[in-house]
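The values are calculated or read from the model by the stated rules, or taken from the named source; none is laboratory data. Everything numeric here is computed off the predicted structure, so don't read it as measured data. We place every Cβ from the backbone using ideal geometry, glycine too, and count neighbours over all the protein chains shown. Accessible surface is based on the protein model in full, side chains and every heavy atom, while ligands, DNA and RNA are left aside. Shrake-Rupley method; radii C 1.70, N 1.55, O 1.52, S 1.80 Å.
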Amino acid sequence: MLSEKIQIGLIKQLNRESESSQLYLSMASWVEKKGFEGICEFLYDHSHEERMHMLKLIRYINKRGGVVVLDNIFIRKITYKSLKELFQTLFKHEKEISNEINLLLELSLQEKDYFTYNFLQWYVEEQIEEETLSKMILDKIELIGEDKGGLYLFDKDIKNFHKK
Ligand code: OFO
């Protein structure tokens, strides 16, 4: 059984993953309208991945006898001044998620819930990859600046960017 504190923490996290999924979905839609095919596919795929992160948490909570609560998620920011602003938002978001996973790990140790501690290791690895990838993309976008040719090539290149 999950302790109340762990259950609350896991539910909060699953709703944050759902928020990530919606955030990337809204970004993908904005980018699609701007004509960046590669970037929009990348963001649609990422939205799907975040949904998988949410599902993994739901299945775990249920397996441990907890009760899942799903929040209504509203994404208020749906337009961006530039791709740079979009990827800055994305990178900031991933850093926040990493901090939250760390807090959850800390809580699982305090509660002596080693099953949850072990379960969360997957998210730790995932966050290392996601932070690295989003920072790498942001660096490239900053380097390209407003250069249209550079953005065109980047839009083609992004298909080859993978988490390591
Ligand atoms: Fe779920 O990893 Fe990004 O937010």
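In the stretch 122-133, the residues that are under 12 Å from E49 (Cα atoms) and near the ligand (Cβ under 10 Å from one of its atoms) form Cβ pairs under 8 Å with partners that are acidic (D, E) and open to solvent by less than 20 Å² (accessible area, probe 1.4 Å), at six or more places apart or across chains, as follows: E130/E94. Out of L70, L90, one residue alone is more than 15 Å from the ligand (Cβ to nearest atom) and out of contact with any Pro (no Cβ under 6 Å at 6 or more places or on another chain). It is L70.
Remark: pairs (first residue in the stretch 76-90, open to solvent by less than 20 Å² (accessible area, probe 1.4 Å); second residue part of a loop (DSSP other than H, G, I, E, B); Cβ separation under 6 Å; 6+ apart in sequence or on different chains) = L86/Y80. Looking at L90, L55, just one residue is at pLDDT 95 or above and either under 29 Å from G35 (Cβ atoms) or among the aromatic types (F, W, Y) (or both), and that residue is L90. The residue that is nearest to R64 (Cα to Cα), counting only those in the stretch 1-24 that are without any contact (Cβ under 8 Å) to a residue 40 or more places away in the chain and either open to solvent by less than 20 Å² (accessible area, probe 1.4 Å) or of a type outside the set (D, E, K, R) (or both), is I8.
Taken together, E4, E32, E19, E41 contain a single residue that is near the ligand (Cβ under 10 Å from one of its atoms) and at pLDDT 95 or above, which is E19.
In the stretch 138-154, is there at least one residue being part of a helix (DSSP H, G or I), more than 12 Å from the chain's Cα centre (by Cα), within 15 Å of the ligand (Cβ to nearest atom) and not aromatic (F, W, Y)? Yes, the stretch 138-154 contains at least one residue that is part of a helix (DSSP H, G or I), more than 12 Å from the chain's Cα centre (by Cα), within 15 Å of the ligand (Cβ to nearest atom) and not aromatic (F, W, Y). Flag: I58 does not match the condition of being away from the ligand (no atom under 16 Å from the Cβ), open to solvent by less than 50 Å² (accessible area, probe 1.4 Å), in contact with a Leu (Cβ under 8 Å, 6 or more places away or on another chain) and more than 22 Å from F87 (Cα to Cα).
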